[in-house]
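J.: The structure that follows is given in the form of C-alpha cells.
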Number of protein chains: 6
Amino acid sequence: MIYITRRERFNAAHRLFREDYSDDKNLEVFGKCSNPNWHGHNYELFVTLKGEINPHTGFLVNLKTLSKIIRETVIAKLDHKNINLEVDFMRGKLASTENLAVGIWNELQDKIKALGADLHCVKISESENNSAEYYG
Amino acid sequence: MIYITRRERFNAAHRLFREDYSDDKNLEVFGKCSNPNWHGHNYELFVTLKGEINPHTGFLVNLKTLSKIIRETVIAKLDHKNINLEVDFMRGKLASTENLAVGIWNELQDKIKALGADLHCVKISESENNSAEYYG
Amino acid sequence: MIYITRRERFNAAHRLFREDYSDDKNLEVFGKCSNPNWHGHNYELFVTLKGEINPHTGFLVNLKTLSKIIRETVIAKLDHKNINLEVDFMRGKLASTENLAVGIWNELQDKIKALGADLHCVKISESENNSAEYYG
Amino acid sequence: MIYITRRERFNAAHRLFREDYSDDKNLEVFGKCSNPNWHGHNYELFVTLKGEINPHTGFLVNLKTLSKIIRETVIAKLDHKNINLEVDFMRGKLASTENLAVGIWNELQDKIKALGADLHCVKISESENNSAEYYG
Amino acid sequence: MIYITRRERFNAAHRLFREDYSDDKNLEVFGKCSNPNWHGHNYELFVTLKGEINPHTGFLVNLKTLSKIIRETVIAKLDHKNINLEVDFMRGKLASTENLAVGIWNELQDKIKALGADLHCVKISESENNSAEYYG
Amino acid sequence: MIYITRRERFNAAHRLFREDYSDDKNLEVFGKCSNPNWHGHNYELFVTLKGEINPHTGFLVNLKTLSKIIRETVIAKLDHKNINLEVDFMRGKLASTENLAVGIWNELQDKIKALGADLHCVKISESENNSAEYYG
C-alpha cells in the first residue's frame, strides 16, 4: 500500500453566516468571517490517494492525471469564485473549511476510484495556521 | 544604516474591474480576477524601515511597536474586508497589488517617520507566485 | 468525523541534560544541546482535533476559540520562557521535543473535551528538520 | 507511543521510462519525465519513527543519531547521483517517487530497529506539489 | 516606480564541469556537482520588473501575461531538460546558477521591454540554501 | 556584476536588556524579550556576495567554500550558544537582530574579500515575521 499526495491551489471569496441569524448574531458566532461584503483566501488543497503501485509504471496513479482530474472536477468550480454564491456542491451549506473538505471529497471520490485508487484524505489549508482534513 | 522588516498578514476579498467597461471587456482585460462575485487572497505585507541603530536599545525601531502601528493603521482596515468596497485609502482605485502597495505606503509613511525611521519598502505578496514592491 | 489543525508558535530557551550526569557525560549524550548557558528555538505547535461537524456552524470547533485556549493554556507558559526553569508542566522532566509534546497534550486534553471535540494529535516542530508527534 | 520525524534532503537526476517501450510510448506514458537526457529534483525525505520515550534521555531516538544513519544509509547513495544509473537499491526499478519511498524504507528498516524504535513512515517530496508516503 | 515579481518553477538536470579538465580535476573544483551521470534540481525563478503603474489597469504588467512570456521564452526550454545538453542559450557555458541567471536575463530582456516595462532582476534559487541574482 | 546568497541556520539563546536598567525598566523597554531566564530562536542567516563571474568556473564564489567560511567564522560561535554570554563579537553589545547583523558583517567582511568577492548584505531572520539587513 502506497500513499500519494497532490497539492493544488485556488483563490476564492467566502463568508461565514446563517441566513436565519441577524447580522449581530452572525458577528457574535462567526466573528470577522461573517463580514457581509465577503473576504477571501488562498486555499491549498491536498488530495491523498492510497493503493498498490502499478508494476508497469511505478506509479499508484500518474500525478499529472490526478492533477487534471482535481482541476477539472473541483478547482474549475472554486478558483476565483465566491464559495457561497457560485459553487454547486456547496449550495445550502455553511462555507467553512470543514464543509469544503467534505464537499471536495464527495466530488472526487468516484473519479479517484475510476483511476484504480482509493481516496484517502482531502486536506484544505485556509491559512498558514488553519486547516481541516476529511478521511470519508 | 540598518534595515528591518516586519511581516503582517490579512485576508481580504477584491475584484479587478473598471466601472466604465462592460463585463465582457473586464473579463478580457482582467481575466478571472474580474469575477463580479469577488474572490480573495491571504495577503502577506512586508514593511521595511531604514535608519540608524539606537545605541540605547540596539533597535532601529522596536518591532512590537512597528507591528502595532501597521496593525492599527492598515491591517485593521484590510483584514476580513472587501478591498473595493470597504477600504478608505483604496476608494476610487483599481484594487491591484500595485495600487495596494502604494496605498499602504501612503498610510504608513508619516507614522514611520514619527518613530524616527524612514519607510524603505512596502511589499505585498498576493500569492506564492505574485508580489509587488513600492519604494516611494 | 472531521479533523482540524491550528498552528501556534512560541520562542523559548532550553537545555538537554541530566543533573546526575557530569558536564562531560551530558555533552556525550546530548551534544551541543547540553550547553549549560542554554540555547533556544522558534517552536511550532500543531494541535489537531477530531469530531463531528456542528450543523449549526459548519465547524468542528471555532478555530478562534481553539486558538484562544491553546494560547491561554500552553503558549502563555512557554513563549519567551526557559522550558527547564519556568514551565510548570515540564518540571522534573527532560526538556526534549518528545516530552514537550506529551506535556502539552496533558495540559490541553480536558479543555478540548470541554469544547465538544477530541484531541487527536499534538505535533511540535523544533526546527525545519526535527519534529515530534503525540497521539495520547 | 511517540512519533519523531527527521527531514533530510538530496538532489538527484532521474528519468521515468521502460526499456521495453519506444521513446514515443515512453513519452505517452511518462510525459516530460521520460526525457532521455534526464531531469532532476531537490528531493525532501521525511523519516518517521515510533516507539516509547526513553526515560533516561527524554528521546525516542537521538535525532543526531537518526540523521547520521539516514545520511550514511541512503543520502550518501542518492545525493548528486543519477537514480536510474547509480543507486544500488533502485536497480531494475522504475525511478518513481513511489518506488523510491519503498526502496528507502527497505534500506532503513533494520537500522531503525537496531536503534530500539520502529520505522513508521518514509515520505518523499519530489516538488512542492507532489509527494509519496510508505508505511511498510 | 513600482516593482512586480513573478515566480515560475522548473525541474532540470545539470552538471558542473569543464571538458578541458580531467574527471579528477573536475571533482576537485566542482565537487559532487561534477558527477558525469548528472544530478538535478527544482529551480525557482523570480523575475522582477519595474516601471510605472498603468492608470487604466492598475498594473505595471498583467502578471498572467508576464507568466505566459516567461513560460514560453525560458521555462519551455528548461523544464524537464538537461541544461548542459538541451538549452540553446546555455550552449558552451558552464551550467552554474550564476550563468543561468545571466542567460535567462538575456532571453527575457527584449520581451519585457516590449511589454512596456524594464527587467529589473532575475533571481534563481537552486535549493533552499543557494541562489543567484542578476540585475543586468 | 552578479549576486549570490547562501543561507545558514543556527539556534541560540539570548536576552534583550541593559545592565543599567532595573528589571521593571527592562520589561518596559524590551518586553518579554527581557526575560532574565533567556529565550531563544532558530535564526536564519543570509549572506549575499557580489562580484564578477569567474569565467573558469562559472561561479562568483563556490558556494561550498562560502558555506565553509560562514560556518567556521560565525556559525561555530553562535550555534547552540547564548549570544549574550558566549559570543566574542557580541560582547558588550545589546543582543538585538540589528546588532547581530552588524556583528556578523564585521566578522565576515575580510574573509569574503579574500575570496575575491565583496560582501553585499547580511540578513538575519529571527522569526517568520522579523528580520534585519545590513549593507555595510
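J.: First measure r as the distance between the Cβ atoms of B:E19 and B:N54, then evaluate 1/(1 + (r/R0)^6) with R0 = 45 Å and state the FRET efficiency to the nearest 0.05.
T.: Working from the Cβ atoms, E equals 0.40.
J.: Which value in Å does the Kirkwood hydrodynamic radius of the protein assembly as shown take, with 1/r averaged over all unlike C-alpha pairs and then inverted? Each step should come with its number before you reach the end.
T.: Working: mean 1/r = 0.0353 Å⁻¹.
Over the protein assembly as shown, the inverse of the mean reciprocal pair distance is 28.3 Å.
J.: For D:94-100, what's the mean count of beta carbons from other chains sitting within 10 Å of each residue's beta carbon?
T.: On the way: counts 7, 1, 10, 6, 12, 6, 1.
The per-residue average across the peptide is 6.
J.: Within the accessible area of region E:40-99, what % is carbon and sulfur when the probe is 1.4 Å and the other protein chains stay in place?
T.: 51 percent
J.: Continuing with this model, one more query. For D:H56, E:H41, write out the residues from largest to smallest accessible area, computed with a 1.4 angstrom probe and no ligands counted. Mind dumping the intermediate values first?
T.: On the way: D:H56 110, E:H41 5 Å².
I get D:H56, E:H41, largest accessible area first.
J.: While we're here: On a 1.4 Å probe surface of the protein chains, which of C:F10, E:F59 comes out largest in accessible area, and what is the full order?
T.: Working: C:F10 0, E:F59 25 Å².
The most accessible residue leads, giving E:F59, C:F10.
J.: Using only protein heavy atoms and a 1.4 Å probe, how much accessible area in total is buried between E and D, to the nearest 100 Å²? List each step's numbers first, then the result.
T.: Working: alone 8130 and 8130 Å², together 14310 Å².
So the total buried area for this chain pair works out to about 1900 Å².
J.: Right, next: Could you work out the relative contact order of region F:7-71, using alpha carbon pairs under 8 angstrom and six or more residues apart, expressed as a whole percent?
T.: Working: 61 pairs, mean separation 24.5, N = 65.
Reported as a whole number, the value is 38 percent.
J.: Further question on the same structure: Out of residues 5 or more away from C:K81 or on other chains, whose amide H comes under 5 Å of its own, with H placed 1.01 Å from N in the peptide plane?
T.: Under 5 Å from the amide H of C:K81 lie the amide H atoms of C:A13, each far enough along the sequence or on another chain.
J.: Taking amide hydrogens as modeled 1.01 Å from N in the peptide plane, which residues meet the under 5 Å criterion relative to A:F17, leaving out close sequence neighbours?
T.: Those qualifying (amide H under 5 Å, at least 5 residues apart or on another chain) are A:A95.
J.: Check cross-link reach from A:K25 to the lysines: straight Cα distance under 17 Å, and skip same-chain residues fewer than eight apart.
T.: A:K25 reaches C:K64.
J.: To continue, here is another question. Can you give the relative contact order of region C:1-133 as a percent, counting alpha carbon pairs under 8 Å and 6+ residues apart?
T.: Working: 226 pairs, mean separation 41.9, N = 133.
In percent, rounded to a whole number, it is 32.
J.: Name the long-range amide H neighbours of D:H120: under 5 Å, sequence gap of 5 or more, or other chain; modelled H, no Pro or chain starts.
T.: D:T48, D:L49, D:K50
J.: To the nearest 10 square angstrom, what accessible area does D:M1 show with a 1.4 Å probe?
T.: Number for this one is 100 Å².
J.: I've got another one for you. Over chain A, with a Gaussian network built from C-alpha contacts below 10 Å, which listed residue (A:T97, A:T73, A:T65) shows the highest mean-square fluctuation?
T.: A:T65
J.: Sort shortest first the distances from E:N106 to its counterpart in every other copy, using label points 7 Å along the Cα-to-beta-carbon line, and give them in nm.
T.: Label point to label point, same position, other copies: 4.3, 4.3, 4.6, 5.8, 6.6 nm.
J.: Let me ask something else. For A:40-50, what's the mean count of beta carbons from other chains sitting within 10 Å of each residue's beta carbon? All intermediate terms of the calculation are to be shown ahead of the outcome.
T.: Numbers: counts 13, 7, 11, 2, 4, 0, 2, 0, 3, 0, 2.
The mean count of partner-chain Cβ atoms within 10 Å per residue comes to 4.
J.: Still on this structure, please answer the following. Ranked from the most accessible area to the least, with a 1.4 Å probe and all protein chains present, what is the order of A:D79, D:D118? Provide the component values of the computation, followed by the final result.
T.: On the way: A:D79 25, D:D118 65 Å².
Result of the area sort, largest leading: D:D118, A:D79.
J.: Just read off the accessible area of E:R71 with the full protein assembly in place, 1.4 Å probe, to the nearest 10 Å².
T.: Counting only protein heavy atoms, E:R71 exposes about 120 Å² to solvent.
J.: Going by alpha carbons, how many degrees (0 to 90, nearest 10) lie between the helix axis of D:97-114 and the longest principal axis of chain D?
T.: 30 degrees
J.: Between C:K64 and E:E128, how high is the FRET efficiency from 1/(1 + (r/R0)^6) when r is the Cβ-Cβ distance and R₀ = 22 Å? Nearest 0.05. Please report the intermediate quantities before stating the final value.
T.: On the way: r = 32 Å, r/R0 = 1.48.
Efficiency, rounded to the nearest 0.05: 0.10.
J.: I've got another one for you. Karplus couplings for region A:81-95 from phi (6.51 cos²θ - 1.76 cosθ + 1.60, θ = phi - 60°), rounded to Hz, Gly and Pro as x?
T.: So the Karplus estimates, Gly and Pro as x, are 10, 9, 4, 5, 9, 10, 9, 4, 6, 10, 4, x, 10, 5, 7 Hz.
J.: Right, another one. Take the rotation relating chain A to chain F, measure from its axis to every Cβ in chain A, and name the nearest residue with the distance in whole Å.
T.: A:E128, 4
J.: If you count only protein heavy atoms with a 1.4 Å probe, what accessible area per residue comes out for the protein assembly as shown, rounded to a whole Å²?
T.: Details: 33450 Å² over 816 residues.
On a per-residue basis, the protein assembly as shown sits at 41 Å².
J.: Suppose R0 equals 60 Å. What FRET efficiency, 1/(1 + (r/R0)^6) with r the Cβ-Cβ distance, do A:L27 and E:M1 give to the nearest 0.05? Spell out each step's value before the answer.
T.: On the way: r = 41 Å, r/R0 = 0.69.
E(calc), rounded to 0.05, equals 0.90.
J.: Using a label point 7 angstrom from Cα along Cα-to-C-beta, what distances in nm, from shortest up, separate B:R71 from the other copies?
T.: Between copies, matching label points for B:R71 lie 0.7, 4.0, 4.0, 4.0, 4.1 nm apart.
J.: Can you list the HN-Hα couplings for region C:46-63, worked out from phi with the Karplus curve (6.51, -1.76, 1.60; θ = phi - 60°), rounded to whole Hz and with x for Gly and Pro?
T.: Those phi angles translate into 10, 10, 10, 10, 10, x, 8, 5, 6, x, 7, 10, x, 9, 6, 9, 4, 5 Hz.
J.: How far apart are the D:Y135 label points across copies, placing each 7 Å from Cα toward Cβ, in nm, shortest first?
T.: Its label point is 0.7, 0.7, 5.2, 5.2, 5.2 nm from the equivalent points in the other copies.
J.: Where both partners of a DSSP beta bridge lie in the protein assembly as shown, what percent of those bridges are antiparallel, to the nearest 5? Mind dumping the intermediate values first?
T.: Working: 174 of 186 bridges.
Taking every DSSP beta bridge within the protein assembly as shown, about 95 percent pair in antiparallel fashion.
J.: Quick one: what are the phi-derived ³J(HN,Hα) couplings along region D:116-123, Karplus 6.51/-1.76/1.60 with θ = phi - 60°, whole Hz, x for glycine and proline?
T.: Once rounded to whole Hz, the list reads x, 9, 10, 6, 9, 8, 10, 10.
J.: Using only the Cα atoms, what convex hull volume per residue in Å³ does region D:1-117 have?
T.: Normalising the Cα hull of region D:1-117 by residue number yields 99 Å³.
The values are calculated or read from the model by the stated rules, or taken from the named source; none is laboratory data. All values derive from a computational prediction rather than experimental measurement. No Cβ is skipped: glycine too gets one built from the backbone with ideal geometry, and neighbour counts run over all protein chains shown. Ligands, DNA and RNA are excluded from the accessible area calculation, which covers all protein heavy atoms including side chains. Shrake-Rupley method; radii C 1.70, N 1.55, O 1.52, S 1.80 Å.
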